[in-house]
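What follows is a short report on a single structure.
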Amino acid sequence: MKNQEAIEKRRTFGIISHPDAGKTTLTEKLLLFGGAIQTAGAVKNNKIKKSATSDFMEIEKQRGISVATSVMAFEYNGKQINILDTPGHKDFAEDTFRTLTAVDSVILVIDCANGVEEQTRKLMEVCRMRKTPVIIFINKMDRDGKDPFELLDELEQSLDIHVRPLTWPIGMGDRFQGVYNIYQKSLNLFSANKTKISDDVVSISDINDLALNEIVGEKPAEELREELETIEGVYDAFSRDAYLAGDVAPVFFGSAVNNFGVKELLDTFCEVSPSPRGRETDKRMVEPGDDQFSGFVFKIHANLDPKHRDRIAFLRVVSGKFERNTFYQHVRLAKKLKFPNPTSFMAQDKSVIDEAFPGDVVGLYDTGNFKIGDTLTGGEVMMYKGIPSFSPEIFQELENLDPLKSKQLEKGIRQLIDEGVAQLFVQQPGNRKIVGTVGQLQFEVINYRLIHEYGANCRFVPRNYFKACWITTDNNEQLQSFMRAKSNYLATDKDDNIVFLAETPFLLQMAEQDYPELVFHKTSEFKLELS
Ligand code: G4P
């Protein structure tokens, strides 16, 4: 296939949501549409259940399953759709942030009763920082929820994005009758059905047509007309350019579990969502149509079998064509590598591939060469930007309980950090290791893996930090004075950047006041800020 043809065909995106809003269910319905799976329930197992807080084996098992479904690909309406899976569990939010660097757009699922929830807000901040185009699916309309206009206001206010409804619900909960497709001027009537795709679509070319009263009843028809009038008055007409710029999110209503509203979503997604986009490197902007291959690693997955220490690095192809058994430049290590068994991860199936195009994700078997964020190229020396680290929320000091196993512990923790399981901050004197994560679950995973995979013996001691802040400044004198005053609270990250470990919001604020020329960043990607 020609590169350009392959690029235009591909749509690579992620589905994000607060846990339980319906991400897994929607993913599954999209796969059913695409014929990638035949039965409902196939994706369900991928979910790390909320109860799995201390059951390591369960976590590992779940992580294993998620490898197989890391990329779900299918063809629909002439497009190749690549869905990149994001972990639902909040303790793995950092994984999700990184996966968001590898997608070109996202679908955000909202529960109509809960509206915008904490996890939604955080994930959307990352999308807003990167100007990722977003489509919103308001789910569970078969249940009573918030008023649709109230939901739209909430989305605009708390997510800092303009919205534009493209479908509109007629009632909700017990009174839910279906959605009116504003874009196509048709009515899709609801029937609860978990296995079949709703095909009860009536074309309503004129909303004032009295036939509408007969179909949905006089009162709901009148309400719908009024609501549509309000929508046209309040919201600007849908602009694809504004959507692609990340300024406006089109909104759909439906019920994923009932297969309802999903087709409208998918059809519009195919029509408006972006084909693979370019990415910025430290040298230049790389476009998907560039001849030479390049890509970056956004996720690393350890082998579940402790006897085999190999890992799988997930590489997003950005430009050119990736080919099997061809030497590529590993830029950070300045060495050439070739890959005899690059793998694609299609729904249930794992298969060796010969080539991959921009927008595709390739699984590379790795024996320790890769770190998250690494760049592979056809020879050019350049590094992709934009796999940021965010300030962790929980900090614990790693204590070695067996001095004879220091080497194993050192190696193990470094490798786990390369995989992105947690962040490591080293404090002097004494080379003290502070491990930072977004959730408690990671400490359990790390402890378990250090013991079982590396034979190390350690424990974690809680440290009371509130945030890790990366520092930049043009005023070296002020930096030196800060470093003298705060030496007990300084550490270095994996790339030797200086990090300030602030104990409380107040102490951070004080530091900002006392040292006005220092900038304290809560992400390692200094140009992008996450509050
Ligand atoms: P998540 O991945 O975002 O965490 O959510 P998931 O799809 O697992 O959905 C969470 C729960 O919401 C599931 O119920 C699912 O069946 C339900 N759900 C999803 N879409 C809809 C919808 O349109 N309407 C209604 N009423 N429910 C919906 P569960 O009880 O946790 O699991 P299960 O026993 O149904 O599998």
- Item | Residue order for Tyr465, Tyr448 - accessible surface, 1.4 angstrom probe, largest first | Tyr448, Tyr465
- Output ³J(HN,Hα) for the range 488-500: one whole-Hz value per residue in order, computed from phi by the Karplus curve 6.51 cos²θ - 1.76 cosθ + 1.60 with θ = phi - 60°, and x for Gly and Pro. 6, 10, 9, 8, 10, 8, 5, 9, 6, 6, 7, 10, 9
- Task: For the range 142-154, just list the computed ³J(HN,Hα) in residue order, Karplus coefficients 6.51, -1.76 and 1.60, θ = phi - 60°, integers in Hz, with x standing in for Gly and Pro.
- Result: 6, 10, 5, x, 6, 4, x, 5, 4, 4, 4, 4, 4
- Amide H proximity to Arg432 below 5 Å, modelled H, separation 5+ or other chain, gives Gln427
- Working from Cα positions, state the angle (0 to 90°, nearest 10) between the long axis of helix 23-34 and the longest principal axis of the chain. 60 degrees
- Task: For the range 394-530, compute the number of Lys pairs whose alpha carbons are separated by less than 17 Å, excluding pairs fewer than 8 positions apart on the same chain.
- Result: 10
- Item | Built amide H within the under 5 Å cut-off of Arg332, gap 5+ | Thr375
- Which percent of the accessible area of the chain is formed by carbon and sulfur heavy atoms (probe 1.4 angstrom)? 48 percent
- Quick one: accessible area per residue over the chain, 1.4 Å probe, rounded to a whole number of Å²? 43 Å²
- Compute, for Met172, the solvent-accessible surface of its heavy atoms (probe 1.4 Å) with the complete set of protein chains present, and express it in square angstrom to the nearest 10. 20 Å²
- Message: Using a 1.4 angstrom probe on the protein heavy atoms only, could you order Met72, Met129 from most to least accessible area?
- Response: Met129, Met72
- Task: Hand me the chymotrypsin sites (Phe, Trp or Tyr not before Pro) from the range 217-267 located in a DSSP loop with no more than 11 other Cβ atoms within 10 Å, in residue order please.
- Result: none
- Item | Residue-averaged 222 nm ellipticity for the chain, from DSSP H runs of 4+ at -39500 (n - 2.57), nearest 500 | -8500 deg cm²/dmol
- Per-residue accessible area for Lys411 at 1.4 Å probe radius, Å² rounded to 10? 110 Å²
- In nm, spacing of pseudo-spin labels at Arg332 and Ala237 (7 Å Cα→C-beta vector): 4.9 nm
- Task: Taking the Cα centre of the chain as origin, sum charge times position over the Cβ atoms of Lys and Arg (+1) and Asp and Glu (-1), and report the length of that vector in debye to the nearest 20.
- Result: 2500 debye
- Relative contact order as a percentage, the chain, C-alpha pairs under 8 Å and 6+ apart, gives 14 percent
- Message: Using the Cα centre of the chain as origin and beta-carbon charges of +1 (Lys, Arg) and -1 (Asp, Glu), tell me which of Gln4, Ile471, Thr343 is placed farthest towards the positive end of the dipole.
- Response: Thr343
- Percent of beta bridges antiparallel (DSSP, the chain, rounded to nearest 5): 75 percent
- Message: Give me a comma-separated list of calculated 3J(HN,Hα) values for the range 425-441, in order, Karplus coefficients 6.51, -1.76, 1.60 applied at θ = phi - 60°, integers in Hz, x for any Gly or Pro.
- Response: 10, 9, 10, 10, x, x, 6, 6, 9, 9, 9, x, 9, 9, x, 4, 3
- Query: Against the longest principal axis of the chain, how steep is helix 505-514, in degrees 0 to 90 to the nearest 10, with axes from Cα atoms?
  - Reply: 70 degrees
- Item | Net charge dipole size for the range 413-531 [Lys, Arg +1 and Asp, Glu -1 on Cβ; Debye, nearest 20] | 500 debye
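The values are calculated or read from the model by the stated rules, or taken from the named source; none is laboratory data. In this text the structure is predicted, and so the values were computed from the model without any measurement. Note that each Cβ is placed from the backbone with ideal geometry, even for glycine, and that neighbours are counted across all protein chains shown. What goes into the accessible areas is simple: the full protein's heavy atoms, side chains included, and nothing from ligands, DNA or RNA. Shrake-Rupley method; radii C 1.70, N 1.55, O 1.52, S 1.80 Å.
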